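Chemist: This is the structure I have questions about; it appears just below.
The values are calculated or read from the model by the stated rules, or taken from the named source; none is laboratory data. Please read these numbers as outputs of a predicted model, since none were measured by experiment. In this analysis, Cβ positions are derived from the backbone assuming ideal geometry, glycine residues included, and neighbour counts consider all displayed protein chains. For accessibility, only protein heavy atoms count, side chains too; no ligands or nucleic acids. Shrake-Rupley method; radii C 1.70, N 1.55, O 1.52, S 1.80 Å.
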There are 2 protein chains.
Amino acid sequence: MTSAEDTVLAYWDACEARDWPRFGTLLADDVVYHLPQTRELIEGRDAYLRFNQEYPGDWHLRVTRVTGSGGHAASSATFSVGDEQQPALTFFDLDDAGRIARITEFWPEPYDPPPGREHLVTRYAPGAAPID
Amino acid sequence: MTSAEDTVLAYWDACEARDWPRFGTLLADDVVYHLPQTRELIEGRDAYLRFNQEYPGDWHLRVTRVTGSGGHAASSATFSVGDEQQPALTFFDLDDAGRIARITEFWPEPYDPPPGREHLVTRYAPGAAPID
């Protein structure tokens, strides 16, 4: 069977290609997409496909990491719209047939570091991130 | 050799226990802790131990997910200080000796969902998160 890591790579590849039929074949009928930061749930393949198809903006994505084993995996991807970039951190749970049954996704935003740890830290310039 | 997943579980267990000597044995000498949101890097075991030892607040953590294979893993944990909770998403890269060489961590904050997707989404109440 395809590994969870390969399934996640195929998922992101189909997403970037806007190949929604192929994207849909990777999803369980009752897939649940969970956004803990907004407390949102999207339930079922049809709703989740529509959410992706309707998502506004000329976004593109680049996968920076995938790790997993068995029926679980996690990925890090960088989404960009023009010059704006944002990371997306995603956890995947697969069902026994190897289809994606649960997606838990986080969209962290930049913030200013709290004071008091300058003696331990190096800061790099915006856009100069080490490859990750 | 210990799996990457087991190493990550041991890391979080030692962290919650404030067992810094044990925590330190899991880290490579030249470990790098990277916070992409603040563009901060902490380099070396001594600095990273000190960062953790000095971190303010009576924080506690609960690991909610660990997935990985080979020299890589990812985890999701919930940190709490009193009634406040926040997720931490962490990616780990291990060196050939199985020690943690790179930690890339994200601290996502709640945000309000953008309008236009209400027809596809269910929102749950604060604190009512499905187990994840």
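Chemist: Take every residue in peptide A:63-70, count the Cβ atoms of other chains within 10 Å of its Cβ, and give the average of those counts.
Modeler: 5
Chemist: Next question, about the same structure. Can you send over the carbon and sulfur percentage of the accessible area for the protein assembly as shown, probe radius 1.4 Å, protein chains only?
Modeler: Summing carbon and sulfur atoms, their accessible area is 52 percent of the total for the protein assembly as shown.
Chemist: Counting only other chains, what is the mean number of Cβ atoms within 10 angstrom of the Cβ of each residue in peptide B:31-42?
Modeler: Neighbouring Cβ atoms belonging to other protein chains average 6 per residue here.
Chemist: Related question: Using modelled backbone amide H atoms (1.01 Å from N, in-plane), which distant-in-sequence or interchain residues come within less than 5 Å of A:Leu27's amide H?
Modeler: Long-range HN contacts for A:Leu27: A:Ile100.
Chemist: Please compute the average number of Cβ atoms from other chains found within 10 Å of each residue's Cβ in peptide B:108-120.
Modeler: 5
Chemist: Would you work out which of B:Thr2, B:Ala28, B:Ala73 lies farthest towards the positive end of the dipole of chain B, given +1 charges on the beta-carbon of Lys and Arg and -1 on that of Asp and Glu, about the Cα centre?
Modeler: Projecting each Cα onto the dipole axis, the largest value belongs to B:Ala73.
Chemist: Return the value, in Å² to the nearest 100, of accessible area buried between chains B and A (probe 1.4 Å, both sides summed).
Modeler: 4500 Å²
Chemist: Taking amide hydrogens as modeled 1.01 Å from N in the peptide plane, which residues meet the under 5 Å criterion relative to A:Thr64, leaving out close sequence neighbours?
Modeler: A:Ser76, A:Ala77, A:Thr78
Chemist: Each residue of the stretch A:67-74 in turn: what ³J(HN,Hα) in whole Hz from Karplus with 6.51, -1.76, 1.60 and θ = phi - 60°, glycine and Pro shown as x?
Modeler: These are the phi-based 3J(HN,Hα) values: 9, x, 6, x, x, 9, 7, 9 Hz.
Chemist: In addition: Would you calculate a helix-derived [θ] at 222 nm for the protein assembly as shown, using -39,500 (n - 2.57) for each DSSP H run of n ≥ 4 and dividing by the full residue count, to the nearest 500?
Modeler: Only helices count here, giving -6500 deg cm²/dmol.
Chemist: Still on this model: Based on Cβ point charges of +1 for Lys and Arg and -1 for Asp and Glu, what charge dipole magnitude is obtained for the protein assembly as shown about its Cα centre, in debye rounded to the nearest 20?
Modeler: 40 debye
Chemist: At A:Ala129, with labels set 7 Å past Cα in the Cβ direction, how many nm apart are the copies from this one, shortest first?
Modeler: 2.1
Chemist: Next up: From the convex hull of the Cα coordinates of chain A, what is the mean projected area in square nanometres?
Modeler: 9.6 nm²
Chemist: Residue-wise, which Karplus ³J(HN,Hα) couplings in Hz belong to the stretch B:105-114, taking 6.51 cos²θ - 1.76 cosθ + 1.60, θ = phi - 60°, and x for glycine or proline?
Modeler: 10, 10, 10, x, 10, x, 8, 7, x, x
Chemist: Whole-Hz Karplus ³J(HN,Hα) for the stretch A:54-66, in order, using 6.51 cos²θ - 1.76 cosθ + 1.60 and θ = phi - 60°, x for Gly and Pro?
Modeler: With coefficients 6.51, -1.76 and 1.60, one gets 8, 4, x, x, 8, 7, 9, 9, 9, 7, 9, 7, 9 Hz.
Chemist: Using a Förster radius of 25 Å, what is the FRET efficiency between B:Val81 and B:Asp46 based on their Cβ-Cβ separation? Nearest 0.05, please.
Modeler: Efficiency, from the Cβ-Cβ distance: 0.45.
Chemist: Taking a point 7 Å out from Cα toward Cβ as the label site, list the nm distances between B:Gly116 and the same residue in every other copy, smallest first.
Modeler: For B:Gly116, the inter-copy label distances come out at 4.1 nm.
Chemist: How large is the Rg to Rh ratio of the protein assembly as shown when both quantities use alpha carbon positions and Rh follows Kirkwood?
Modeler: Radius of gyration relative to Kirkwood radius: 0.96.
Chemist: Can you list the copy-to-copy distances for B:Phe51, using a point 7 angstrom from Cα toward Cβ, in nanometres, shortest first?
Modeler: 3.2
Chemist: Right, something else. May I ask you to derive the relative contact order of the stretch A:4-109, considering only C-alpha pairs under 8 Å and at least 6 residues apart, and to give it as an integer percent?
Modeler: Here the relative contact order equals 29 percent.
Chemist: Now a separate question. Hey, can you find the accessible area per residue of chain B for me, probe 1.4 Å, expressed in square angstrom?
Modeler: 49 Å²
Chemist: Rounded, prolate or oblate, given the Cα gyration tensor of the stretch B:60-132, with a/c below 1.5 counting as rounded?
Modeler: Cα axes put the stretch B:60-132 in the prolate bin.
Chemist: What dipole magnitude, in Debye to the nearest 20, does the stretch A:4-109 give about its Cα centre under +1 on Lys/Arg Cβ and -1 on Asp/Glu Cβ?
Modeler: 80 debye
Chemist: Moving on to the next point. Quick one: which bits of the stretch A:89-107 get at least 30 Å² less accessible when the partner protein chains are in, versus the chain alone, with a 1.4 Å probe?
Modeler: Residues passing the criterion (a loss of at least 30 Å², heavy atoms only) are A:Leu89, A:Phe91, A:Arg102, A:Phe106.
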